[in-house]
Amino acid sequence: MTNEKVRIRRDIASMSAYTPTTSLDVFAERLGIAPGNLIKLDANENPFGPSPKVIEALAALPNMQVYPDPESGRLRELLADYTGVPAERILCGAGADELIELILQLFIEPGDVIINTPPTFAMYSFNAPLYHARAVDVYRRADFSIDVAAIQQAVERHSAKLVILCSPNNPSGDLIASEDIQALLELPATIVVDEAYIEFAEGGSLERWVGEYPNLIVLRTLSKWAGLAGLRIGYGLFPRALMPHLWKIKQPYNVNVAADLAARVSLLDIEFLRERVRQLVRQRQRLEVAFAELPFLAPYPSQANFVLNRVDGMSAADFRDRLARAGIIARYYQKPRLEDCIRISAGTPAQVDRLLEVLRTIAKNEF
Ligand SMILES: *Cc1c(COP(=O)(O)O)cnc(C)c1O
C-alpha cells in the first residue's frame, strides 16, 4: 500500500481495522431470516424511529441544492430552550462522534494524554491516536463506578489535558455520581461528559453546570432518544472561552440540511418524543426484572435504554448465538471487565415480548 509516491501515515498503515456492527442484511443472510423479521437490539437505537413529523418534513425537504447554515442558528436556539444553556455556548456536529473528534483536534498536541475510563464507549480510545493523543486507561471498579482517586493521580502524573467520561455509561448503564464529577472538575484538566443517554436517566444532567465551570464540556445527541441515529446530529455544551476556537476549526457544513431540519422538528414535537422515551424506559425496566429472574443472567442496574448482563452457567457467545438463531441481535463483548457480558437494548413492547419468550425457551434449554 505504501510506496515512495504514496506515503500514508505509518501508524495508520499498521493499525488494525475498526469493526463496526454487522449490517442487518448480512446478519439476515447468514441466519436465513428476512431482514424485516430480525429484532435489532445491539446498538441502542430507538426502535420507534423518529417523530412522524420528521418523516413528513423530510419528505418535503426544501433547498437541498443550497449549503446548510454553517451556524445551525435556528437549531441552536431550540437547543438553548431545551437545555437551558445559551445558544452562544452550543455547537452542533454530525453526531456526538464528530464533537469528540473536534475536541481532540482543539486540545491535543502530539503525545498529550487523555484519560479514558473503560469499560466505556470505544470511540474515545479509537479516536485518540488518530489525533496523536495517548489514551491512558483508568479502569472502572467492578460495579462500574469511576475511580476518582486513580483518575486524579493519572491526571497529575501525565499532565493529562482531557478526562473523557460517559454518563450514563455505555455499556454498563450507570450514571456517574455528581460528587465524583465535582471532584474531577477541581483538576487542572478539562472534563468531557458524554450524555448520549441522559434523556433515559432520572435527573443527573450536568447541563446546569456548563458555564459555572470553565473546564466542563457536555456532549449530547439526538441519535438515541429522538431516533435520528441515521441522520447524524449531536451537539456539545461548552465553556464560553472555547467557542471562538471551536468555530475556527469546525467544518463549515458539518450538519446537513436534512439533519438540521429533523432535529428542529423533533425539538418542536418534544412531548410526543418524551412519551416514547418513557415507553422505552418502561421496556428497559421490564428487561431488568425479567433478566434478574433468569438463572443464567445477572443484569446491572441501568439508567439508559439498554441493560448489560453477566451471563452465568453458559458462555456469553453461546447465549448470543442462541438469540441470533431466534432472530434477535444483541451486543457481545470480549474485553477486560466485560467478560461473559451481553448488552441488550430496550425494544418496542412487541420486541420485548418476543425476546422474553425466547429467553424462557432458552431457560428450558430448548434452543
Ligand atoms: C451512540 C453513542 C454516541 C453516538 O452519538 P452520535 O451522535 O450518533 O455520534 C455517543 N456516545 C455514546 C456513549 C454512545 O453510545
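Mind giving me the nanometre distance, one decimal, between the label points for Phe48 and Ser145, set 7 Å out from Cα along Cα→Cβ?
Between Phe48 and Ser145, the simple spin-label model gives 3.3 nm.
What is the extension gain from Tyr213 to Asp81, computed as 0.36 nm multiplied by their sequence separation minus the C-alpha to C-alpha distance, in nm to one decimal?
Details: separation 132, 0.36 × 132 = 47.52 nm, distance 2.03 nm.
Here the answer is 45.5 nm.
Return the aspartates and glutamates within reach of Lys53: Cα separation strictly under 17 angstrom, same-chain partners fewer than 8 residues apart disregarded; answer none if there are no such residues.
Cα-Cα hits under 17 Å: Asp260, Asp269, Glu271, Glu275.
Grab the beta carbon distance between Arg10 and Glu109, set R0 = 22 Å, and tell me the FRET efficiency rounded to 0.05.
Working: r = 19 Å, r/R0 = 0.87.
Calculated value: 0.70.
Limiting things to C-alpha atoms, what are the Rg and the maximum Cα-Cα separation (Dmax) for region 59-165, in angstroms?
17.7, 55
Mind giving me the FRET efficiency for Gln153 and Lys335? R0 is 30 Å, r the Cβ-Cβ distance, nearest 0.05 is fine.
Values: r = 23 Å, r/R0 = 0.78.
Approximately 0.80, to the nearest 0.05.
Around Gly73, under 13 Å between beta carbons, what's the net of Lys plus Arg minus Asp minus Glu among the other residues? Walk me through the intermediate numbers first.
Details: positive: Arg74, Arg76, Arg264; negative: Asp69, Glu71, Glu77, Glu88, Asp260.
Neighbour charge sum, excluding Gly73 itself: -2.
Pick from Ala304, Ala201, Ala34: which residue has the top mean-square fluctuation in a GNM of the chain where Cα pairs under 10 Å get a spring?
Residue with maximal mean-square fluctuation among Ala304, Ala201, Ala34: Ala34.
Suppose we look only past 26 Å in the calculated P(r) of region 221-367. What percent of the Cα-Cα pairs does that tail hold?
On the way: 4531 of 10731 pairs.
Taking all Cα-Cα pairs of region 221-367, the fraction more than 26 Å apart is 42 percent.
Stretch Asp69-Met243 to full length: gain in nm at 0.36 nm per residue minus the Cα-Cα span?
Computed gain between Asp69 and Met243 is 60.9 nm.
Quick one: Cα convex hull volume of region 273-336, Å³ per residue? Could you put the intermediate results ahead of the total?
Details: hull volume 6.7 nm³, N = 64.
Dividing the Cα hull volume of region 273-336 by its residues yields 105 Å³.
So between Tyr253 and Thr348, what do we pick up on full extension, going 0.36 nm a residue minus the alpha carbon distance?
Values: separation 95, 0.36 × 95 = 34.20 nm, distance 3.47 nm.
Value of the extension gain: 30.7 nm.
Ignoring ligands, DNA and RNA, what percent of the accessible area of region 91-236 is carbon or sulfur (1.4 Å)?
Working: 2360 of 4840 Å².
Of all accessible area on region 91-236, carbon and sulfur atoms account for 49 percent.
Per residue, what volume in Å³ does the convex hull of the Cα atoms of the chain enclose?
Enclosed volume per residue, from the Cα hull, is 162 Å³.
Before I look further, what does the chain give for accessible area per residue, probe 1.4 Å, in whole square angstrom?
On the way: 16940 Å² over 367 residues.
That works out to 46 Å² per residue.
Could you pull out every one of the lysines with an alpha carbon less than 24 Å from that of Lys364, ignoring same-chain neighbours closer than 8 positions?
List returned: Lys40.
Taking the dipole about the Cα centre of region 192-306, with the C-beta of Lys and Arg at +1 and of Asp and Glu at -1, give me whichever of Tyr253, Phe238, Val192 is farthest to the positive side.
Toward the positive end, the furthest listed residue is Tyr253.
Thinking of region 96-231 as a set of Cα atoms, what percent of all their pairs are more than 27 Å apart?
Details: 1137 of 9180 pairs.
Roughly 12 percent, once rounded to a whole number.
I need the peptides 3-16, 105-118 ranked by packing, meaning the mean over residues of other C-beta atoms within 10 angstrom, with the highest value on top.
Numbers: 3-16: 8.3, 105-118: 18.3.
In descending order of packing, they fall as 105-118, 3-16.
Compute the FRET efficiency between Glu179 and Glu271 as 1/(1 + (r/R0)^6), taking r as their Cβ-Cβ distance and R0 = 30 Å, and round to the nearest 0.05.
Values: r = 33 Å, r/R0 = 1.09.
It comes to 0.40.
Compute the separation of the alpha-carbon centres of region 125-180 and region 210-281 and state it in Å as a whole number.
Computed from Cα coordinates, the inter-centre distance equals 22 Å.
For region 85-96, take each phi angle, set θ = phi - 60°, evaluate the Karplus expression 6.51 cos²θ - 1.76 cosθ + 1.60, and give the result in whole Hz per residue in order, putting x for glycine and proline.
9, x, 4, 4, 10, 10, 10, 9, x, 6, x, 4
Given just the C-alpha atoms of region 1-88, how large is their convex hull per residue in cubic angstrom?
Details: hull volume 24.7 nm³, N = 88.
Normalising the Cα hull of region 1-88 by residue number yields 281 Å³.
For Lys248, give me every one of the lysines with a C-alpha distance below 22 angstrom, ignoring sequence neighbours fewer than eight places off in its own chain.
Within the straight-line limit of under 22 Å, Lys248 reaches these lysines: Lys161.
So what is the calculated 222 nm ellipticity per residue for the chain, using -39500 (n - 2.57) for each DSSP H run with n of 4 or more, over all residues, to the nearest 500 deg cm²/dmol? Walk me through the numbers on the way to the answer.
Working: 13 runs with 135 residues, N = 367.
Result for the chain, helices only: -11000 deg cm²/dmol.
Could you tell me what percent of the accessible area of region 269-335 is made up of carbon and sulfur, with a 1.4 Å probe and every protein chain present?
Values: 1440 of 2940 Å².
Of the solvent-accessible surface of region 269-335, carbon and sulfur hold 49 percent.
The values are calculated or read from the model by the stated rules, or taken from the named source; none is laboratory data. Given the structure is predicted, the values throughout are model-derived calculations rather than measurements. Because the Cβ atoms are built from the backbone with ideal geometry, glycine has one as well, and the counts that use them run over all protein chains shown. Surface accessibility is based on the protein's heavy atoms, side chains included, excluding ligands, DNA and RNA. Shrake-Rupley method; radii C 1.70, N 1.55, O 1.52, S 1.80 Å.
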